[in-house]
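Heads up: the structure comes next, in structure tokens.
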Amino acid sequence: MLNYQQTIDYLFHRLPMFSRLGAAAFKGDLTNTIKLCEALGKPQNQFRSLHIAGTNGKGSTSHMLAAIMHTAGYKTGLYTSPHLKDFRERIKVNGQMVEEAFVIKFTEQIKPLIEEINPSFFEITVAMAFSWFAQQKVDIAVIEVGLGGRLDSTNIITPELSIITNISYDHMNILGDTIEKIATEKAGIIKQGIPVVIGETLPETKKLFEATAHNLQAPIHFASEVRWVADWAQSGHKLQVSVADEYSDERRQYTLDLPGLYQAKNLLTVLEAVHLLTAKGWIIDDGDVVHGLSNTKKLTGFHGRWEVINQRPYTVLDVAHNEDGIKELTSQLEHCNYQKLHIVIGMVRDKEISTVLALLPKYAKYYFTKAQIPRALPENELAGTAASFELNGHPFSTVMQALQHAIDRAHKDDMILVCGSVFVVGEVKVEQLRW
């Protein structure tokens, strides 16, 4: 039998993996996932779930909901992707990563079927997560869609709620080149008779969601139409948000340990989901919501979303990598105080590189780099393209080299931002940095 590291190496290199190969690793149907789960005794039918899709915000929404459900006393599974440091981050129960022994045992058990049907890495990890949640007898599992929705491997569950955070341009080579096409793929998680929560809405997607929900007799709820952010303030590593709603005249105050301003939008989605869950009989009180939101990172181990790793210079990690994500990031920069801005950035080839670069501030000093994956855009190529947008800086072959260079040249009153890719943020080793 393989040990844990050998097992992980087998999974990473034997199976088509999206982070390495991009679209070539995406399997455009649910056949393999269904075969895997049938061989495992249909674990997806042995626990209740929440299903979360969206271009941006689905990771934050998933973690906030998991923290709230855990606080409310429910044994809570959480499946997300990709991971930053450790493969086991993808599969958690009450904030604890799946056991190494289970990963080994599961892989050994399923290996003959792997050789027979050649599933993708993602298909295997979904089956592994569902098996772990069934074995652990979770009360509920929060399941984040990997890519799209309709054909995503997670889309074999029948959840308590379907949640779609927002729609914007990303993965257009797979999901389609218009907002309507992308929204159609995300809407694929809407199920017959199952309530659906829509976070942010656009005129061109609202009618599509309404039509899909109507055809499936799925009650539809638009989070931003029943609640709105009345006020917000940042305090240290916290975000304080005042929320008004149509149900009462009172404004409710929430403190999030995810300090990114964009989390205020995700909060509205989370609150509507909790409202619907309580209507379905789940016991979640206001104290559970308040505690879960203020302790999301602690309870779930969530990282990489406006994550402050140093105060002087003010240094932030954020996985923003597409048009909407970068817009939110640049908006937040307007609320930051600093002398000079240093941006460490790396991207993958299949993103809208020029669209992202066009949004970034020209006054910043840039450190172009790449994650150590085949999909990564070479740092020299990124630097060359950036120069055409008047973004000036130097290329570095590794993320740590680029970040350390930025730290060495930054004044204590400067700001350093690391962004552009989940994989770039994942390669930051905070403990090895010299401040």
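For HIS321, the residues whose amide H sits under 5 Å from its own are ILE326, ignoring neighbours fewer than 5 places away on the same chain, with H placed 1.01 Å from N.
Specify which labelled value, from [x] -0.43, -0.55, -0.85, -1.40; [y] -0.62, -0.74, -0.96, -1.19; [z] -0.50, -0.63, -0.89, -1.25, agrees with log10 I(q)/I(0) by the Debye sum over Cα atoms at q = 0.08, 0.09, 0.11, 0.14 Å⁻¹ derived from the coordinates of the model shown. Answer by label: [x]. A probe of 1.4 angstrom, applied to the heavy atoms of all protein chains, finds SER331 with accessible area near 50 square angstrom.
The phi torsions of the range 351-360, fed into the Karplus equation with coefficients 6.51, -1.76 and 1.60 and a -60° offset, translate into couplings of 8, 7, 4, 5, 4, 5, 4, 5, 8, 7 Hz, rounded to whole numbers, with Gly and Pro shown as x. Judged by the gyration tensor of its Cα atoms, with axes a ≥ b ≥ c, the range 58-177 is oblate; a/c meets the 1.5 cut and b/c is at least as large as a/b. Here THR158 sits with roughly 100 square angstrom of accessible surface, probe radius 1.4 Å. When the Cα gyration tensor is reduced to axis lengths a ≥ b ≥ c, the ratio a/c is 1.5 or higher for the range 378-435, and with a/b not above b/c it is classed as oblate.
So which of LYS35/LYS351; LYS181/LYS297; LYS265/LYS298; LYS85/LYS181; LYS105/LYS351 end up more than 27 Å apart by C-alpha?
Going by Cα-Cα distance, LYS35/LYS351; LYS181/LYS297; LYS85/LYS181; LYS105/LYS351 fall outside the 27 Å limit.
Here's how it looks for SER49: its modeled amide H is under 5 Å from those of ALA141, GLU160, which are all 5 or more places away or on a different chain. Rounded to whole numbers, the Karplus 3J(HN,Hα) couplings from phi for the range 191-197 are 10, 3, x, 9, x, 10, 9 Hz, using 6.51 cos²θ - 1.76 cosθ + 1.60 with θ = phi - 60°, and x at Gly and Pro. Note on the range 321-396: dipole from Cβ charges, positive end direction compared against ILE345, TYR367, SER331; the farthest Cα belongs to TYR367.
Here the extension length gained between TRP282 and LYS111 equals 57.7 nm, from 0.36 nm per residue of separation less the Cα-Cα distance.
What ranking do 332-342, 378-388 get when scored by the average of other Cβ atoms within 10 Å per residue, highest first?
378-388, 332-342
Model label sites at GLU210 and LYS340, defined 7 Å from Cα along the beta-carbon direction, differ in position by 5.3 nm.
The amide H of LEU258, built 1.01 Å from its N in the peptide plane, has LEU239 as neighbours under 5 Å, considering only residues 5 or more places off or on other chains. Here r is the Cβ-Cβ distance between GLU390 and GLU352 and R0 is 30 Å; the resulting FRET efficiency, rounded to 0.05, is 0.95.
Ordering 30-36, 428-434 by mean Cβ neighbour count within 10 Å, with the highest value first, yields 30-36, 428-434. Charge dipole of the chain (Cα centre as origin; +1 on each Lys and Arg Cβ, -1 on each Asp and Glu Cβ, all else neutral): 720 debye, rounded to the nearest 20.
Of all DSSP beta bridges confined to the range 327-435, the antiparallel ones make up roughly 10%.
Couplings for the range 179-184, taken from phi via the Karplus curve 6.51 cos²θ - 1.76 cosθ + 1.60 with θ = phi - 60°, read 4, 5, 5, 5, 4, 4 Hz in order; Gly and Pro are left as x. Using the Cβ-Cβ distance between LYS75 and ALA39 with R0 = 35 Å, the FRET efficiency computed as 1/(1 + (r/R0)^6) comes to roughly 0.90.
The values are calculated or read from the model by the stated rules, or taken from the named source; none is laboratory data. This is a predicted model, so every value here is computed, not measured. Cβ sites come from the backbone with ideal geometry, for glycine too, and all protein chains shown count toward neighbours. For the accessible areas, the whole protein counts, side chains as well, though only heavy atoms, and no ligand, DNA or RNA atoms are used. Shrake-Rupley method; radii C 1.70, N 1.55, O 1.52, S 1.80 Å.
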